[in-house]
Amino acid sequence: MPDTQYKEVLITVLACMVLFVVLTTIILLFLFKYQQRRRLQQIQVLELQQQFKEQSLKSQIEIQEQTFQAISQEIHENVGQVLSLAKVQVNIIREGQRYRADLLEALKDNIGKAMSDLRDLSRSLNSERLRNSCIHEAILEEAERINRTGLIQTTVAVEGLFRDMHPQKKLILYRIVQESLQNCLKHAAATQISIRCQYCPEDMIIHIQDNGVGFDPEAALTAGHGQGLTNIRTRIHLTGGNHTIHSVLQKGTQITLTIPYE
């Protein structure tokens, strides 16, 4: 083989080897960068999951505390008063000189009402029951419980084809609705509440409207009086949803909750 041809072959081989090394280096660098990005994404996902768990746990603790407060208040204001009246009726019957059928019947009614109130409270607190039922059915039961108090008239309408959602989302959504209804009962001075549950293709939308005195949401938050609003905002973000609050003084308030099924 002539010397010139030998050099050309040698150069060609060396060039191929250099090209192979360069390509291999590029591929290795690409794989290294890809692995770095993947690890970084995995770390970020884990951090987000941890943040979600921490926020979810914090929200659950807040929900439990507020639920216990609501139970205490309801037992004191409703069940406690009914049982106190029943005790008075028992004393009257015991001290009376003759049989009083009317007092016995009233006593029976009051004990039955106390038992019914306690049963309603138990059902509203049973998260396992909620997991196995439709969200609009749980809301309807809550509305019926409020109606039985005689304090305010609450109606529920359901639109669209039923779709179930993740149990944790459903529980958080139900507690948000309970929080909203409690705010109406405590602060709105309303006589009517209407709830509309819409099963849309991608999201569930719940409208809660009252005919109360209304308020300024931003002013309430700024003044530090909007703990209930803050709870609603925090919890709705945990579900990946959003909310709006529209309120007009002396005309009422509407809260709209939008929550994706998945």
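Residues in the stretch 169-175 carry Karplus couplings, in order, of 4, 4, 5, 4, 4, 4, 5 Hz; the curve used is 6.51 cos²θ - 1.76 cosθ + 1.60 with θ = phi - 60°, and Gly or Pro positions show x.
Taking each residue as 0.36 nm, the span from H166 to S84 lengthens on full extension beyond its C-alpha to C-alpha distance by 25.3 nm.
When Rg and Dmax are taken over the Cα atoms of the stretch 134-262, they come to 14.0, 41 Å.
Order the peptides 177-188, 28-39 from the highest to the lowest mean number of other Cβ atoms within 10 Å of their residues.
Working: 177-188: 19.9, 28-39: 10.0.
The packing order, highest mean first, is 177-188, 28-39.
Residues in the stretch 202-216 carry Karplus couplings, in order, of 10, 10, 9, 10, 10, 9, 10, 10, 10, 10, x, 7, x, 6, 9 Hz; the curve used is 6.51 cos²θ - 1.76 cosθ + 1.60 with θ = phi - 60°, and Gly or Pro positions show x.
None of the figures in this text is laboratory data; all of them are computed from the coordinates on show. Predicted, not measured: the structure shown is a model, and the values here were computed from it. Here the Cβ is made from the backbone with ideal geometry for all residues, glycine too, and neighbour counts use every protein chain on show.
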